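The structure appears right after this line, and notes come after that.
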Amino acid sequence: MSKHSLDIESVSHRYGSFLAVDEVDLSVDPGEVVALLGPSGCGKTTLLRIVAGFVKQTQGRIRVDGRSIDDLQPNRRDIGIVFQNYALFPHMTVAQNVAYGLDARGRSRVDTARRVQECLEAVQLPHLAQRYPRQLSGGQQQRVALARAIATEPHILLLDEPFSALDKNLRLDMQIEIKRLQRQLGLTAILVTHDQEEAMSVADRIAIMNRGRVEQLGTPVDIYDRPETLFVNSFIGSTNLLEGRVSSTEGAGLCIALDAGASIVVPYAKELSAGQRVMVSLRPEHLDLFDKDGAGRWPVDVTLSLPLGPSVVHQVLTRDQVSMKISAARRGLAHTPQGRAWCGVRPDALPSLFLSSSNAN
């Protein structure tokens, strides 16, 4: 299967007066998986339906390999789709479901049979070719839907919340399967999901959408470690937001006096003035608890500790009444702190810094 590129150019779409997609520009490289991630109503599903041809955009263009597909009907776009609810034909066998698109294109019986066998082997289900969808598990049905989507050798593969109906363990298995198959076949794909872990495990890049726009596009590591906006920072993963003010510059960073009761140095490329109010974002894994005071540490009250497998999450309260979460390796409940403790930033932490709304004009 050859690799193909997809370009979404200045695409907008309105439902009446509601702007669902707002001037989206997004390029997907050949053989790349890009996830559209965002809250409900952010425009990700509408954008996917525009690419598929189910919705005609108000403005903008969709190109595959540099050629516009805007005037093509959905069945002429060479796009495969895996739906959330599988959408298998219940009266057809697995083999007949996979063959459906090939039959519609008038492929010979011999060619169709060969291609169906190839696709079922790709999703590791050749032994179930004569079963019906009702005889399959949810994961098996999803694999059949995937085999049907790739049978016609589409230029682009669209995955519309493909794992949301599966339980957690099966969902992880299918995420691994999708990634394996994508690499094996060199598929160019867009994944629509509201599941952050799913996007970060499957996608090469993630487009965070908010109110119809792409707020940030980057690798999973960039999105998590270097969020460009407060929305992206708060939407991806768990974080703690601490208010403070800039007290001085120090080397390549800024010295921030936290309202919680300590001064810390935060690497920051932009210049801010002393006295400006800021918010420091610290992931739970960026922090440590100590039983003694020290430089760069602030007092907290430990209100709750939850052991979660190999780690433990502590909920603490700062002196200015901010609730925080701190994640640490579990070293036995006997070492779980109780009552008063001190919190500090780990040396390898990558905190993010944002202007406070009180002076972000």
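The values are calculated or read from the model by the stated rules, or taken from the named source; none is laboratory data. The model shown is predicted, which means the values in this text are computed figures rather than measured ones. Positions of Cβ are backbone-derived with ideal geometry, glycine not excepted, and every protein chain shown enters the neighbour counts. Accessible surface is based on the protein model in full, side chains and every heavy atom, while ligands, DNA and RNA are left aside. Shrake-Rupley method; radii C 1.70, N 1.55, O 1.52, S 1.80 Å.
Residue by residue, here is whether (1) surrounded by fewer than 16 Cβ atoms within 10 Å (Cβ to Cβ); (2) within 16 Å of residue 189 (Cβ to Cβ) holds:
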| residue | (1), (2) |
| --- | --- |
| 103 | yes, no |
| 108 | yes, no |
| 118 | yes, no |
| 139 | no, no |
| 145 | no, yes |
> Does residue 118 satisfy the condition of being touching a residue at least 12 places away in the same chain (Cβ under 8 Å), farther than 27 Å from residue 197 by Cα and out of contact with any helix residue (DSSP H, G or I) (no Cβ under 8 Å at 6 or more places or on another chain)?
Replying inline: no
> If residue 43 passes every condition in (1) farther than 24 Å from residue 206 by Cα; (2) buried (at least 21 other Cβ atoms within 10 Å of the Cβ) but one, which one does it miss?
Replying inline: (1)
> Which number in (1) in contact (Cβ under 8 Å) with a residue 24 or more places away in the chain; (2) in a strand (DSSP E or B); (3) not acidic (Asp, Glu) marks the one condition that residue 304 misses?
Replying inline: (1)
> In the range 277-303, which residue that is among the aliphatic types (A, V, I, L, M) and surrounded by 13 or more Cβ atoms within 10 Å (Cβ to Cβ) is nearest to residue 321 (Cα to Cα)?
Replying inline: 300
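Would you mention how many residues in the range 255-276 are of a type outside the set (Gly, Ala, Ser), over 22 Å from residue 342 (Cβ atoms) and open to solvent by less than 70 Å² (accessible area, probe 1.4 Å)?
At the first step, the residues of the range 255-276 found to be of a type outside the set (Gly, Ala, Ser) are 255-256, 258-259, 264-268, 270-272, 276.
Add one more test, that the residue is over 22 Å from residue 342 (Cβ atoms), and what stays is 267-268, 270-272, 276.
Those left that are additionally open to solvent by less than 70 Å² (accessible area, probe 1.4 Å): 268, 272, 276.
Matching residues across the range 255-276 total 3.
Going through 44, 56 one at a time, which residue ends up being basic (Lys, Arg) and under 16 Å from residue 189 (Cβ atoms)?
Going through 44, 56 in turn, the sole match is 44.
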> In the set 85, 75, which member is over 19 Å from residue 135 (Cα atoms) and surrounded by fewer than 21 Cβ atoms within 10 Å (Cβ to Cβ)?
Replying inline: 75
> From the residues in the range 173-200 that are more than 8 Å from the chain's Cα centre (by Cα) and closer than 23 Å to residue 40 by Cβ, which one is surrounded by the most Cβ atoms within 10 Å (Cβ to Cβ)?
Replying inline: 191
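One line per residue, one yes/no per condition, for (1) farther than 29 Å from residue 122 by Cα; (2) modelled with pLDDT of 95 or more:
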{"residue": "3", "(1), (2)": "no, no"}
{"residue": "14", "(1), (2)": "yes, yes"}
{"residue": "24", "(1), (2)": "yes, yes"}
{"residue": "40", "(1), (2)": "yes, no"}
{"residue": "47", "(1), (2)": "no, yes"}
{"residue": "59", "(1), (2)": "yes, yes"}
{"residue": "63", "(1), (2)": "no, yes"}
{"residue": "68", "(1), (2)": "yes, yes"}
{"residue": "71", "(1), (2)": "yes, yes"}
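When you look at residue 226, is it open to solvent by 70 Å² or more (accessible area, probe 1.4 Å) and under 31 Å from the mean Cα position of the chain (by Cα), yes or no?
Details: open to solvent by 70 Å² or more (accessible area, probe 1.4 Å): yes; under 31 Å from the mean Cα position of the chain (by Cα): yes.
Yes; evaluated as a whole, the condition is true for this residue.
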> When you go through (1) of a type in the set (A, V, I, L, M); (2) under 21 Å from residue 345 (Cα atoms); (3) at pLDDT 90 or above one by one for residue 252, which number turns out not to apply?
Replying inline: (3)
> Looking at 53, 38, which is the one that is within 23 Å of residue 213 (Cβ to Cβ), crowded, with 17+ Cβ neighbours inside 10 Å, small (Gly, Ala, Ser) and within 20 Å of the chain's Cα centre (by Cα)?
Replying inline: 38
> So which residues in the range 291-346 are at pLDDT below 90 and small (Gly, Ala, Ser)?
Replying inline: 305, 309, 311, 328, 329, 332, 334, 339
> When the range 207-246 is examined, which residues are found to be among the hydrophobic types (A, V, I, L, M, F, W, C) and either in a loop (DSSP other than H, G, I, E, B) or in contact with a Pro (Cβ under 6 Å, 6 or more places away or on another chain) (or both)?
Replying inline: 236
